[in-house]
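Remarks on the structure that follows.
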C-alpha cells in the first residue's frame with residue numbers, strides 16, 4: 001500500500017567554518033595608559049615643586065637681605081658711636097680747645113646712654129646727615145613750607161639745604177624724646193648740647209628760622225651752668241641773632257654777657273656796657289669767642305651809624321689782638337695751634353676792613369682806608385696760603401701777577417684733615433679768608449677808582465684780583481664762576497666792577 005521509500009544516504013563532508021576568528025559586534029579599543037593625565041599631573045607636580053623651592057629660597061633670601069641691611073645699619077651706627085663721635089685723643093686738640101661733642105660728656109664721647117635706643121639712633125643719624133650729607137645738596141618746597149630762601153625768578157619756590165634740613169629733623173626728634181624721658185637721668189650737659197646743636201642748624205637754614213634758633217639758644221642758656229665755656233658762645237650767638245632780628249637792646253646785653261664770660265666774670269654784673277677788655281683771656285676758646293664777638297659788635301655799630309663807637313672799638317680790638325703772641329712759624333706749630341693763630345689773624349683782617357669803611361665814612365684821608373684794606377688783604381691771603389700749603393711770601397712784581405690759590409686744586413693741607421673738628425674749622429676758615437681777601441681787593445679798587453678815575457690801572461688790577469680770589473675756574477673753559485662759599489650777589493658785584501674797569505681802560509686806549 002505504501003510505497004516503500006528508499007533513503008538515499010549522501011556522503012557527509014566535514015564542515016569547516018568560514019572564519020576562524022571571532023569578531024565582536026563593538027569595535028575593539030586596545031587598553032592604553034592615560035598619557036594625557038600623567039603628563040598633566042607631572043607638570044603640575046613640577047610647577048608645585050618649583051614654586052615651593054622659589055618660595056623657600058625667596059624666604060631665606062629675604063631673611064639674608066634683611067639681616068645684611070640690619071647689620072649694615074647697626075654697623076654704621078656703631079662706627080659713628082665709637083669712631084665718629086669718639087672723644088678727642090690728640091692732646092694738642094684738647095689744649096687749643098678745638099674738640100666738640102654731640103653728647104654731654106666730651107671726655108667719654110658717643111651718645112648719652114640715658115637717651116635710650118631710639119634717641120641715640122636719632123642723634124647718630126643727625127651726625128651722619130651733618131657730616132656725611134644726604135646724597136643731594138638742595139631741595140625745593142612750595143609757599144606753604146617754612147623756608148623763605150626763595151629762588152630768584154621763581155616766586156613761591158624756596159630752596160633749602162637738604163643736608164641741614166635732615167639734620168634738623170633728626171635733632172628735633174631726639175630733643176622731643178629727651179624731653180619726655182623721666183629716667184634714667186641724662187648727663188647734665190646732654191640736653192643743653194642737643195639744644196645748642198639744633199639752634200645752630202636752624203640758624204644755617206636761613207632767615208625764616210632765626211626766631212626758632214633764638215628760642216632754642218635761650219632754652220640751652222637756661223639749662224647750662226654759666227661757668228661752662230660754652231655759655232660765652234651761646235651768649236655771643238644770642239647777641240648775633242637778636243641783632244639780625246632788629247632787637248638791638250637784647251643784642252647788646254647778650255654781647256656784654258659773652259665778653260664778661262670770656263674774662264671769667266659773672267654775666268650778671270654790668271650788663272649793657274660794651275668795652276674791650278684790657279687783656280686777652282688765657283683760654284684759646286675764650287679768645288676766639290671774644291674776638292668773634294668784637295667783630296659782630298663792630299659791624300653792628302657801623303650798620304646803626306655809631307661810627308665813633310665803632311672806630312674806638314675796632315682800634316682797641318686790633319691792639320688787643322696784637323698783644324697775643326703768635327707762633328714762631330706756622331710750619332713749626334702743631335696744626336691746632338697754627339689753626340688758632342690763623343683764626344685770630346682772620347679776625348684782625350675783618351676788623352681792619354670794618355675800620356677802613358668807618359674811616360672812609362668819617363671823611364678821613366683815603367690813604368688811611370687804603371692802608372687798612374691792604375693790611376686786611378695781606379692777612380687774609382696769608383691765612384689762605386698757610387691753610388693751602390702755598391708760600392706765604394709773594395714774589396716781587398705787580399699785584400695782578402701774584403699767584404692766587406685755585407679753590408679746586410689748592411685744597412687744605414693734609415694735616416688739617418683730621419680730626420674732624422679741626423677739619424671743619426679749617427675748611428670754614430679757608431672759605432672766610434678767600435671771601436675777605438676778595439672783599440678787600442674790591443674795596444681797594446673802588447678807592448683807586450675814586451681817586452684816579454674809572455680808567456685807573458691800579459683799580460683794574462685790584463678788581464681783577466678780587467675776581468681771582470672769589471672765583472674758581474670752570475671745567476668747560478677759561479671763564480670763572482663763584483667759588484664755594486662766595487655769595488652770587490657778591491660775585492656779580494666783583495665781576496661787574498672788573499668789566500666796568502676793563503671797558504674804561506679799553507676806551508681810553510683807543
Residue exposure sequence - 464, 484 - by fewest surrounding Cβ within 10 Å: 484, 464
Length added when fully stretched, residue 479-residue 324, from 0.36 nm per residue minus Cα-Cα: 51.6 nm
Quotient of Cα Rg and 2.2 N^0.38 Å for the stretch 268-376, N being how many residues it contains: 1.13
Potential lengthening between residue 308 and residue 417 on full extension [0.36 nm per residue; Cα-Cα distance subtracted]: 35.0 nm
Rg/Rg_globular for the stretch 405-489, with Rg_globular taken as 2.2 N^0.38 Å and Rg from C-alpha atoms: 1.28
Residues 132, 102 arranged by fewest to most Cβ contacts within 10 Å: 132, 102
Where labels lie 7 Å past Cα in the beta-carbon direction, separation of residue 46 and residue 95 in nm: 7.9 nm
Ellipsoid semi-axes in whole angstrom, largest first, where each is sqrt(5λ) of the Cα gyration tensor of the stretch 204-310: 20, 19, 12
Net lengthening on full extension, residue 180/residue 218 (0.36 nm per residue, minus Cα-Cα): 11.7 nm
Approximate spin-label separation residue 492-residue 392, in nm, with each point projected 7 Å along Cα-to-Cβ: 3.9 nm
Distance histogram for the stretch 53-120 (every C-alpha pair counted, 5 angstrom bins, percent rounded to whole numbers): 4, 15, 16, 17, 11, 10, 8, 6, 5, 4, 3, 1, 0
Descending principal axes extents, the stretch 212-267, alpha-carbon based, whole Å: 29, 19, 12
Relative exposure of 366, 404, judged by other C-beta atoms within 10 Å (fewest first): 366, 404
Sorted peptide list for 50-56, 161-167, criterion being average Cβ within 10 angstrom, highest first: 161-167, 50-56
Nearest-0.05 FRET efficiency for residue 247 and residue 108, computed from C-beta distance (R0 41 Å): 0.60
The stretch 447-510: C-alpha gyration tensor shape, a/c 1.5 cut-off, then a/b vs b/c: prolate
Stokes-Einstein D for the stretch 323-465, Kirkwood Rh over Cα pairs, 25 °C, 0.890 mPa s (µm²/s): 154 µm²/s
Most to least packed among 406-415, 296-305 [average Cβ atoms within 10 Å]: 296-305, 406-415
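No lab work stands behind these numbers, since they all come straight from the coordinates. Just so you know, these numbers come straight off a predicted model, no measurement behind them. A quick note on method: Cβ atoms are made from the backbone with ideal geometry, for glycine too, and the neighbour counts reach across all protein chains shown.
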